[in-house]
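The values are calculated or read from the model by the stated rules, or taken from the named source; none is laboratory data. Quick caveat, the model's predicted, so the values are computed rather than measured. No Cβ is skipped: glycine too gets one built from the backbone with ideal geometry, and neighbour counts run over all protein chains shown. Side chains included, ligands, DNA and RNA excluded: accessible areas come from the protein's heavy atoms. Shrake-Rupley method; radii C 1.70, N 1.55, O 1.52, S 1.80 Å.
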Amino acid sequence: MHSELKKLLPLKTLLGSKGWVEDTNIIEPHLIEERGLYKGKSDLLLKPINTNEVSNILKLCNEHNIKIVPQGGRTGLCGGTIPSDTGLEVMLSLERMNKINDFNEENFTITVEAGCILGNIQDKAEKKNLLFPLSLASEGSCTIGGNLSTNAGGINVLRYGMARDLVLGIEVVLADGQIWNNLTGLRKDNRGYDLKQLFIGSEGTLGIITKAVLKLFPSPSNIETALFAVPNTQAAVELLGLARSVSTDLLNAYELISRLGLEMVLKNIPNTKDPIKDKYKWYVLLEFSSSSKNSMRAQMETLFEMALKKNIVCDGVIAESSQQRKELWVLRDGLNEAQKPEGGSIKHDVSIPINNVSKFINNATIQVEKFVPDSRVVAFGHIGDGNIHFNISQPIKSNKSEFLEKWESVNKIVFNIVNDLNGSFSAEHGIGKLKREELKLYNPEIEVSLMRSIKNTFDPKNILNPGKVL
Ligand SMILES: Cc1cc2nc3c(=O)[nH]c(=O)nc-3n(C[C@H](O)[C@H](O)[C@H](O)COP(=O)(O)OP(=O)(O)OC[C@H]3O[C@@H](n4cnc5c(N)ncnc54)[C@H](O)[C@@H]3O)c2cc1C
């Protein structure tokens, strides 16, 4: 073990064999980013079981100036959980802190430890006929601590907001080991600055989140799902407004799918079929949901008729059964997987004000196709909240590595257009190691400088997740 990390040996007895890990077989997967983009070095992994243990770890690290890399489910895609290659950093996994502490049906809240798997929180709520609406494809392995630290989004943002909007209070261990308990469960609290929001989305650079009070909602008992073909992306934007008003704002999903993306799904994902006979360039998968007993079928049919009359929908299908609903969702959920067999893909997860989404997709497609002729733009995603996955698959029969060498130049083309349209180069996933340069380039200087001041205040010795975000 590196001599610096040996300074933490006084913690070994406190943490016990499950909390103090030197076994390289266990450590190895903690050093590699999901997509293999980053690999770090560290001989020590600490897995505390409670907040006091986290506090003791941070106290000693702060005293000896030892850097800490927090880890949840390690599903983040920006290298946020990967230590540097110096071997001087210790990894701190919250995975053993996975208890649900309190379930309060009257307050519509659940209090959980940071290492709770998101899917387990959803299941616990569902058993009481309640909903915790944060939902992402990684929900079987990501943790609530990671979700809050990255301000995760997913498919229900349109209706319920991002992780930031779903939390009422948190408990945090600060860089010097002090514990800040803000587990109030209050919906209204105007006692000065809202400090919890500083930790949310800070990717472990300001403190270690150890617990959270989360909002719950009545479980939707009525769901209506439809796939509508639209003539262009501007029609998809117009349809969004209509869908919100016809459903009395009970729209909970609104996802854009391109024909090219759909064709990749039909080709590469088994047991999928085209639900609409004719081919159209764009589709929207949308869903109404309500906790009332009354069906929303009539509203969905009204929307379909009104949109056909206005020529913003060309054709469509409304799910007749839960099986058909599942089949429609596979067409959306399979989009990422379906791009893999198509070779290299340059991906962007950006957000644009909804009124500029169509302009963004059109301009970015033209410019990218000009820069990489025959490249295949697959634009899709949460158009209801302005979040577009703008992915570019390599031209058919081209060389994958030659295509991927263009990654940075393509990024620049896409991010410049995003920036010109008042958008954000990072809608989800955060900054980590991957997007630090973009943060400097696109965020106003005053913002970056304020972020540095906050970092210096909370972590003056820079021991918390160094080299991430800033
Ligand atoms: C298939 C797939 C689909 C995904 N879909 C989405 C999506 O739709 N929307 C979305 O937003 N993201 C998505 N992600 C990214 C990822 O799942 C999310 O960022 C998730 O919130 C990370 O949770 P985690 O527990 O895995 O965190 P980790 O990856 O372990 O950590 C993420 C960051 O948070 C820090 N951190 C972790 N726990 C704590 C803590 N307790 N205190 C302080 N800092 C901490 C880490 O240091 C790191 O910087 C997806 C990833 C995959 C693999």
Candidates L183, L214 - the one that is under 15 Å from V112 (Cβ atoms), aliphatic (A, V, I, L, M) and assigned to a loop (DSSP other than H, G, I, E, B): L183
Given (1) buried (at least 19 other Cβ atoms within 10 Å of the Cβ); (2) away from the ligand (no atom under 16 Å from the Cβ); (3) of a type outside the set (S, T, N, Q), number of the condition K435 does not satisfy: (2)
Selection within the range 298-336 - open to solvent by less than 40 Å² (accessible area, probe 1.4 Å), more than 16 Å from the ligand (Cβ to nearest atom) and touching a helix residue (DSSP H, G or I) at 6+ places or on another chain (Cβ under 9 Å): M300, L303, A307, I312, V313, G316, V317, I318, A319, L331
Matching residues, the range 410-427, being touching an Asp or Glu at 6+ places or on another chain (Cβ under 8 Å) and of a type in the set (A, V, I, L, M, F, W, C): F415, F425, A427
Residue within the range 8-29 that is open to solvent by 10 Å² or more (accessible area, probe 1.4 Å) and within 13 Å of the ligand (Cβ to nearest atom) present: yes
Residue pairs meeting the criteria (Cβ under 7 Å; at least 6 apart or on separate chains; first more than 17 Å from G72 (Cα to Cα), in the range 36-59; second acidic (D, E)): K41/D85; D43/E22; K59/D176
Elements of type strands (runs of 3 or more DSSP E) in the range 289-381, at least 2 residues being in contact (Cβ under 8 Å) with a residue 12 or more places away in the chain, of a type outside the set (A, V, I, L, M) and not assigned by TED's automatic domain parsing to the domain that holds I257: 349-351, 376-380
Any hit, the range 37-55, residues being within 30 Å of F217 (Cα to Cα) and among the aromatic types (F, W, Y): no
Residue count for the range 387-406, restricted to those that are surrounded by 11 or more Cβ atoms within 10 Å (Cβ to Cβ), under 28 Å from the mean Cα position of the chain (by Cα) and touching a residue at least 40 places away in the same chain (Cβ under 8 Å): 12
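To keep it simple, each residue is scored yes or no on (1) within 16 Å of the ligand (Cβ to nearest atom); (2) farther than 29 Å from N355 by Cα; (3) surrounded by fewer than 17 Cβ atoms within 10 Å (Cβ to Cβ).
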{"position": "K196", "(1), (2), (3)": "yes, yes, no"}
{"position": "S202", "(1), (2), (3)": "yes, no, no"}
{"position": "T205", "(1), (2), (3)": "yes, yes, no"}
{"position": "V213", "(1), (2), (3)": "yes, yes, no"}
{"position": "L216", "(1), (2), (3)": "no, yes, no"}
{"position": "S219", "(1), (2), (3)": "no, yes, yes"}
{"position": "N222", "(1), (2), (3)": "no, yes, yes"}
{"position": "A226", "(1), (2), (3)": "no, no, no"}
{"position": "A236", "(1), (2), (3)": "no, no, no"}
Test result for E63, within 14 Å of the ligand (Cβ to nearest atom), out of contact with any His (no Cβ under 7 Å at 6 or more places or on another chain) and among the charged types (D, E, K, R): no
Residue list for the range 342-356, restricted to those being open to solvent by less than 30 Å² (accessible area, probe 1.4 Å), more than 16 Å from the ligand (Cβ to nearest atom) and closer than 20 Å to Y442 by Cα: I346, I352, N356
Test: residue in the range 452-468 that is among the polar types (S, T, N, Q) and buried (at least 19 other Cβ atoms within 10 Å of the Cβ): yes
Evaluation of L158 against (1) closer than 20 Å to G72 by Cα; (2) in contact with a Gly (Cβ under 7 Å, 6 or more places away or on another chain) (one fails), failing number: (1)
